[in-house]
1. Under a 1.4 angstrom probe, counting protein chains only, how are ILE30, ILE9 ranked by accessible area, largest first?
2. Under a Cβ-only charge scheme (Lys and Arg +1, Asp and Glu -1), can you give me the dipole magnitude of the chain about the Cα centre, in debye to the nearest 20?
3. Note the count of lysine pairs whose C-alpha atoms are less than 19 angstrom apart in the chain, limited to pairs 8 or more residues apart or on different chains.
4. Roughly speaking, to the nearest percent, how much of the chain's 1.4 Å accessible area is carbon and sulfur?
5. Hey, could you grab the Kirkwood Rh for the chain? Inverse mean 1/r over distinct alpha carbon pairs, Å, one decimal.
6. Over the chain, with the other protein chains present, what is the accessible area per residue in square angstrom, probe 1.4 angstrom?
7. What order do MET69, MET18 take when sorted by accessible area (1.4 Å probe), most exposed first?
8. Mind listing which chymotrypsin sites (Phe, Trp or Tyr not before Pro) in the range 9-54 are in a DSSP loop and have 14 or fewer other Cβ atoms within 10 Å?
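The values are calculated or read from the model by the stated rules, or taken from the named source; none is laboratory data. As the structure is a computational prediction, the values presented were derived from the model and not from experiment. Cβ placement follows ideal geometry from the backbone for every residue including glycine, while neighbour counts extend to all protein chains displayed. Each accessible area value is taken on the protein alone, full model and side chains, heavy atoms only, with ligands, DNA and RNA left out. Shrake-Rupley method; radii C 1.70, N 1.55, O 1.52, S 1.80 Å.
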Amino acid sequence: IRLLEKENIESRPVWKPMHLQPLYKNYDYITKKNQDISGDLFNNGLCLPSGSSLSVKDQNRIIDIIISMIK
């Protein structure tokens, strides 16, 4: 998020899963083979710009920046 911000690209963490919200912390939730997939996505996921007005040029810029960060 910080690296994208330096490139003037807004991003944010993904939405917190319901079972991690204080109100629902004592309720059962669905897992797959005891793996908390939504929790993993929350801890490792990233919401990127995705508006309908995002041009192909801007999409490619974002993709190129992310690829360069991974390398």
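1. Greatest to least solvent exposure: ILE30, ILE9.
2. With only Lys, Arg, Asp and Glu charged at Cβ, the dipole is about 100 debye.
3. 4
4. 53 percent
5. 14.4 Å
6. Per residue, the chain has 90 Å² of solvent-accessible surface.
7. MET18, MET69
8. Sparse-neighbourhood loop chymotrypsin sites (Phe, Trp or Tyr not before Pro): TRP15, TYR27, TYR29.
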